[in-house]
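Chemist: One structure follows; several queries about it will come next.
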Amino acid sequence: MGLGHIEGQAGNGATNTYTSRTSPTVDIPLNSSGGYTLTYQYWIQFAGQSAYKVFVNGVEPDPGAGYLQGSANWIPDAVIEQYDCINGACLKKTTYNTPGLYASLSLCEVACGTGCSGKCLSNADWTQIESLSSQIMNRNCS
């Protein structure tokens with residue numbers, strides 16, 4: 001999955017013209033090639049031109065908007081890595097699916113020193129996580 005948005009020339013009902021539009025951010029799954037493919041589907045005539053619905057990997061990220069064909073671009077949003085301090089080490093929140101208390105590695109490193117500012121997992125909590133993890137490791141959860 002990847003957060004992103006569409007930028008392009010879309011119909012503007014208030015002015016009856018096409019204007020630059022940035023769609024809301026949406027989460028679109030990657031295609032089988034690990035990327036994104038834009039496709040257009042004719043929708044309506046607007047302002048004397050054909051307006052098209054835009055699809056990204058088969059998903060319509062901006063329902064109700066009609067774009068000029070060829071004008072839309074999928075723009076991936078910047079990925080913000082978040083970190084947690086676990087047993088004195090800063091790890092990406094995706095490593096153990098933790099909350100991501102720190103918005104950057106440098107912020108985590110400052111807080112993750114002695115005492116961790118009260119936001120680190122204790123050794124007892126980490127032991128419990130490891131124990132629970134080993135208990136369910138070989139379970140089929142499907």
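Chemist: Counting heavy atoms of the protein chains only and a 1.4 Å probe, report the per residue accessible area for the chain as a whole number of Å².
Modeler: The answer is 63 Å² per residue.
Chemist: In a shell of Cβ-Cβ distance under 14 Å around K53, excluding K53 itself, what net charge do Lys and Arg (+1) and Asp and Glu (-1) give?
Modeler: -1
Chemist: Pick out which of S33, S20, S50 has the largest mean-square fluctuation in a Gaussian network model of the chain, springs linking Cα atoms closer than 10 Å.
Modeler: Evaluated over the chain, the most mobile residue of the options is S33.
Chemist: In the chain, what percentage of the DSSP-assigned beta bridges are antiparallel, given to the nearest 5?
Modeler: Counting DSSP beta bridges with both partners in the chain, the antiparallel share is about 95 percent.
Chemist: A further question follows. Bin all alpha-carbon pair distances of the stretch 1-68 at 5 Å intervals from 0 and give each bin's fraction as a whole percent.
Modeler: Bin by bin from 0 Å, the calculated values are 4, 19, 27, 23, 14, 8, 4, 1.
Chemist: Suppose R0 equals 22 Å; then what is the FRET efficiency for A14 and Q41 from their Cβ-Cβ distance, rounded to the nearest 0.05?
Modeler: Using R0 = 22 Å, I get an efficiency of 0.35.
Chemist: With each run of n ≥ 4 DSSP H residues scored as -39500 (n - 2.57), what mean residue ellipticity at 222 nm is computed for the chain after dividing by its residue count and rounding to the nearest 500 deg cm²/dmol?
Modeler: Mean residue ellipticity at 222 nm (helix-derived): -5000 deg cm²/dmol.
Chemist: Rg and Dmax of the chain, Cα atoms, in Å?
Modeler: 22.7, 68
Chemist: About its Cα centre, how strong a charge dipole does the chain have in debye, to the nearest 20, once Lys and Arg get +1 and Asp and Glu get -1 at the Cβ?
Modeler: 160
The values are calculated or read from the model by the stated rules, or taken from the named source; none is laboratory data. Computed from a predicted model, the values in this text were never measured in an experiment. Backbone-built Cβ (ideal geometry, glycine too); neighbour counts: all protein chains shown. Only protein heavy atoms, including side chains, enter the accessible area calculation; ligands, DNA and RNA are left aside. Shrake-Rupley method; radii C 1.70, N 1.55, O 1.52, S 1.80 Å.
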